[in-house]
Amino acid sequence: MGSIYSIVYQPADREYGSRSEDFIRVPVQQANLIAGHGIEGDRKAGHHPDRQVNLISREWLLRIQDAGYRISPGQFGEQITLVDIDLEQLKRGERLQLGATACIEIRQARHPCSRLQVAQQLAFDGLKAVGVMGSVVIGGTIRVGDPVIRLQSASTEDLESRTPESQSRMPVDRDGPGGS
């Protein structure tokens, strides 16, 4: 069992004026996850069904810190940082329970983009993925320190075996847990 290390978000009323070096992320002790949407009040929530929340592992961040990457909460554009959950081993369709009720389904690996490279001020040579993206299938309030439980997998597809093109063609479960 893991836990939530940090929660950050970009408030809906805060917009980038330009391609600034840092991500706009505000740390919070708790957040409300909305099913089919993301973090309540987050500027990026609700725009893409497979990218409602960005998750990253604290252990992964600590491994890359010596290479010069900035690892404070939100520095990789993530919203939720987890401890003791190996996100690199998760498969598409696996679910994580966060806190008492919230549930996130892993949708795809998150790959470095040019925006992230600008924010980190370093190249991403050799980094395959920087966490995972997921969708909120069951909403609820989450808090820093809440337990995170890896639930039974709904799929066994390896996230890294998929190309970006195949990721965009993957079917989306819009009915939530249990189907229709």
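Some observations on this one:
- Restricting attention to the range 35-55, the residues that are in contact with a Gly (Cβ under 9 Å, 6 or more places away or on another chain) and over 19 Å from ALA109 (Cα atoms) total 2.
- Residue list for the range 69-95, restricted to those being among the polar types (S, T, N, Q) and modelled with pLDDT of 85 or more: GLN79, THR81, GLN89
- Selection count where residues are at pLDDT 70 or above and in a strand (DSSP E or B), scope the range 133-159: 14
- Complete set of residues in the range 73-114 that are over 20 Å from ARG43 (Cα atoms) and among the polar types (S, T, N, Q): GLN89, GLN97, THR101, GLN108
- Number of the exception - VAL130 against (1) buried (at least 22 other Cβ atoms within 10 Å of the Cβ); (2) modelled with pLDDT of 85 or more; (3) part of a loop (DSSP other than H, G, I, E, B): (2)
- Contact annotation: residue pairs with Cβ atoms under 8 Å, 6 or more positions apart or on different chains, pairing a residue in the range 77-91 that is of a type in the set (Lys, Arg) with a partner that is not in a loop (DSSP other than H, G, I, E, B), are LYS91/ILE106; LYS91/GLU157; LYS91/ASP158; LYS91/LEU159.
- Test: residue in the range 48-63 that is modelled with pLDDT of 90 or more, part of a strand (DSSP E or B) and charged (D, E, K, R): no
- The range 26-45 - residue that is aliphatic (A, V, I, L, M) and under 15 Å from the mean Cα position of the chain (by Cα) and, of those, surrounded by the fewest Cβ atoms within 10 Å (Cβ to Cβ): ALA35
The values are calculated or read from the model by the stated rules, or taken from the named source; none is laboratory data. None of these values were measured; they are calculated from a predicted model. Glycine gets a Cβ as well: all are built from the backbone with ideal geometry, and neighbour counts include every protein chain shown.
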